[in-house]
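The values are calculated or read from the model by the stated rules, or taken from the named source; none is laboratory data. Owing to the predicted nature of the structure, the values given are computational and were not obtained by experimental measurement. Glycine gets a Cβ as well: all are built from the backbone with ideal geometry, and neighbour counts include every protein chain shown. The area values use the complete protein model at the heavy-atom level, side chains included, leaving out ligands, DNA and RNA. Shrake-Rupley method; radii C 1.70, N 1.55, O 1.52, S 1.80 Å.
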Amino acid sequence: MASLLDVGYVAKPGEDFASTGPHLDVRVLKDGKYIDPGTIRSLLTRLKVGKERTPLWQQKGSEWKPSAPITSGFGPRVAPAPGASTYHPAHDYGLGAGTPLAWEGAGTFTPGKGYGTIQTADTQGNPYEIRLLH
């Protein structure tokens, strides 16, 4: 069985940065630049959510589906709150406060205030940094 790292939980209101409410913000960097998390869905199957440890993304036949709704996608957007960015370098997933998060397989996790960082690689050995916020 692959190793399973505890990588925190979805923050409760007021516990970290100002936010529009509980959700999981997933940012992916490749070569130091933000990329659309949807482009590495197969890698994000290793991010497990909830007590059941459901993969964040799942493939069913030829279709890929997130296990939680994407409430804010990657790229330009209308700022959801005053002071928020109009460019979103992440996917926000509608997960409730306190939802546990885990990472399955190779990688290291570094916690931070309001976020955590997973250093990992895909099956070809390409390095990625996955930042989990809120």
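Could you check how much of the accessible area of the chain is carbon and sulfur, as a whole percent, using a 1.4 Å probe? Numbers along the way, then the final one.
Working: 3930 of 7350 Å².
Carbon and sulfur together cover 54 percent of it.
Using a cut-off of 15 Å between beta-carbons, work out the net charge of the residues near R53 (Lys and Arg +1, Asp and Glu -1, R53 not included).
Numbers: positive: R46, K48, K51; negative: D6, E52, E104.
Within the 15 Å Cβ shell, the charges total 0.
Please identify, among P13, P89, P37, the residue showing maximal mean-square fluctuation in a Gaussian network model of the chain using a 10 angstrom Cα cutoff.
P13
Report the relative contact order of the chain, percent, no decimals, based on alpha-carbon pairs under 8 angstrom and at least 6 residues apart. Numbers along the way, then the final one.
Numbers: 286 pairs, mean separation 49.1, N = 134.
Relative contact order here is 37 percent.
Per residue, how large is the accessible surface of the chain? Use a 1.4 angstrom probe and give square angstrom. Don't skip to the answer; put the middle values down first.
Numbers: 7350 Å² over 134 residues.
Value for the chain: 55 Å² per residue.
Need the list of lysines near K12 for cross-linking: C-alpha distance under 25 angstrom, and skip anything on the same chain fewer than eight residues off.
K48, K51, K113
Please compute the alpha carbon radius of gyration of the chain, then divide it by the globular-protein estimate 2.2 N^0.38 Å. Two decimals is fine.
On the way: Rg = 14.1 Å, N = 134, 2.2 N^0.38 = 14.1 Å.
Cα-based Rg divided by the globular estimate yields 1.00.
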